[in-house]
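Beneath this line is the structure, given in structure tokens, with notes to follow.
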């Protein structure tokens, strides 16, 4: 039984299917997300597949600063993704609402509406950063599944230590060594966000 | 004794024990070869297996009533009929047991696509309904050619029995029929020039839009088994008559693999056609060859 659970966790980490949702983005991040699946970056090496229907997806990739019109759609789509699921906020917009911060047409940031697991900062972020964010989300997904089934995460810790980064990636013929570039990417919420937050508080 | 042979054929070779890993392998070969032809590295070897395990462990949306029960039933029916079609393939010479004929094999091969049409309509999603309507139109267009091609093979060999068809030496007429069958395979397997029913960029996932978790895993598996059955049908019709069973099995696997590579190459080299172009392609361009094949087969038969 334990073996079966470990297999399921492993499979969850190796097969993240994405659903891409635009909540009022300028299309910059959307293009970068599609570029991550292109021959140069080839996210399919990690088992990533961009799915047409939220029912098929494990990871919800949301771009854009969350306009008021998009809030209902975000709740619907988040409900349509079957569990276990994870949310990746792509770009600075869903994290901070970015340059649109005081707009009256917005109801952001994204975390007000759905729990976000991974933030990928950038305006727009590079495709390798998006791939790293998705790999992290897949890892979170596997751990979440293990915890929900009542198993200690101890068994998984060995795996996560060995494979926290997508080291299985081989450099594609046309691209550079992905793993080298992945190291230079920031992986948490960007420092700019923290600065802005403190500035707001002081104000 | 006959029961045991029939069970062995259904459960071991070319049945489930062979067909399920072969289905995953063919799905991987398709994705990998498309990736290689696009200059990518592509998914790892175990990817379809990981996808299957992950989908089996996912939740499904709550479904109630008759529509919900039907939605749960369609993938299982499709899976069972695709597995039955694989089990019927006359790969091993003189194996005995239950000998289905070509008509049963055709019916079992057609049932998954009927299930897809029904699944799209019972999911009550607009995208599912559009996908089902497209699948129905596609099925009407390629099936004429497909059935005529099969009929020409059967007519040229004077039999509908699978064992006898596999045992008889192939003739030029039979090769013409096999060629017409290969032309129909991309439409039957929803591959690229004819990937209309599940056109991702247009109608989400077509009939599969509302499916999730284990039900979707069953669809994926039945699609893989359809790959094995459809390529296996062509492989058995093309394979030369061999005495040793292991040689026959080896030739069967090698021919199936070659057809998978051919279909993937076609899929990665072409773009999706519109539905009217597809129907026109089958009714105007390939129907001529199918009619030619069956008329020459009948001509040869009655002259002899």
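Using the beta-carbon distance between residue A:105 and residue A:35 and R0 = 25 Å, what value does 1/(1 + (r/R0)^6) give for FRET efficiency, to the nearest 0.05?
0.35
Please provide three numbers in whole Å: the alpha-carbon extents of chain B along the principal axes, with the largest listed first.
Each principal axis gives a Cα extent; for chain B these are 60, 47, 45 Å.
Roughly how tilted is helix B:47-56, in degrees to the nearest 10 and between 0 and 90, from the longest Cα axis of chain B?
Between the helix axis and the principal axis of chain B, the angle is about 50 degrees.
Within 10 Å of each Cβ in A:71-81, how many Cβ atoms from other chains are there, averaged over the peptide?
Taking the mean over all residues of the peptide, I get 1.
Whole angstrom only: what separates the Cα centroid of the stretch A:1-80 from the Cα centroid of the stretch B:26-94?
21 Å
Want the number for residue B:280 to residue B:36: 0.36 nm per residue separation, take away the alpha-carbon distance, what's left?
84.7 nm
Could you state the number of Å between the C-alpha centres of the stretch A:84-106 and the stretch B:246-260?
First find each Cα centre; the distance between them is then 53 Å.
Tell me the label-point distance for the pair residue B:175, residue B:5, using the 7 Å Cα-to-Cβ offset, in nm and rounded to one decimal.
3.2 nm
What share of the DSSP beta bridges in the protein assembly as shown is antiparallel, in percent to the nearest 5?
10 percent
Arrange the peptides B:292-302, B:60-70, A:12-22 so that the one whose residues have, on average, the most other Cβ atoms within 10 Å appears first.
A:12-22, B:292-302, B:60-70
Restricting to DSSP H runs of at least four residues, report the calculated mean residue ellipticity at 222 nm for chain B, -39500 (n - 2.57) per run over all residues, nearest 500 deg cm²/dmol.
Here the helix-only value at 222 nm equals -24000 deg cm²/dmol.
Explain nothing, just the number: relative contact order of the stretch B:2-303, from Cα pairs under 8 Å at least 6 residues apart, as a whole percent.
29 percent
If you take each beta carbon of peptide B:178-188 and count the beta carbons of other chains within 10 angstrom, what is the mean?
0
Report the Cα centroid-to-centroid distance between the stretch B:139-155 and the stretch B:276-304 in angstrom, as an integer.
Measuring centre to centre over Cα atoms gives 8 Å.
What does the average come to when, for each residue of peptide A:38-50, you count the partner chain Cβ atoms lying within 10 Å of its Cβ?
4
Taking 0.36 nm per residue of separation and subtracting the Cα-Cα distance, what length does fully extending residue B:161 through residue B:295 add?
Value of the extension gain: 46.2 nm.
As I understand it, the value is the acute angle between the Cα axis of helix B:245-269 and the longest principal axis of the Cα atoms of chain B; what does it come to in degrees, rounded to 10?
Long axis of B:245-269 versus the principal axis of chain B: about 50 degrees.
Between the helical axis of B:16-37 and the dominant principal axis of chain B, each derived from Cα atoms, what acute angle in degrees is found, rounded to the nearest 10?
Value to nearest ten degrees: 70.
Go ahead and run the numbers for FRET between residue B:271 and residue A:73, Cβ-Cβ distance against an R0 of 41 Å, rounding to 0.05.
It comes to 0.85.
How many nm separate the modelled label positions at residue A:4 and residue B:244, each set 7 Å beyond the Cα in the direction of the Cβ?
4.1 nm
Throughout, read-outs are computed from the coordinates displayed, never taken from laboratory work. Keep in mind that what you see is a predicted model, and the values were worked out from it rather than measured. For neighbour counting, all protein chains shown are included, and Cβ atoms are generated from backbone atoms with ideal geometry for every residue, glycine included.
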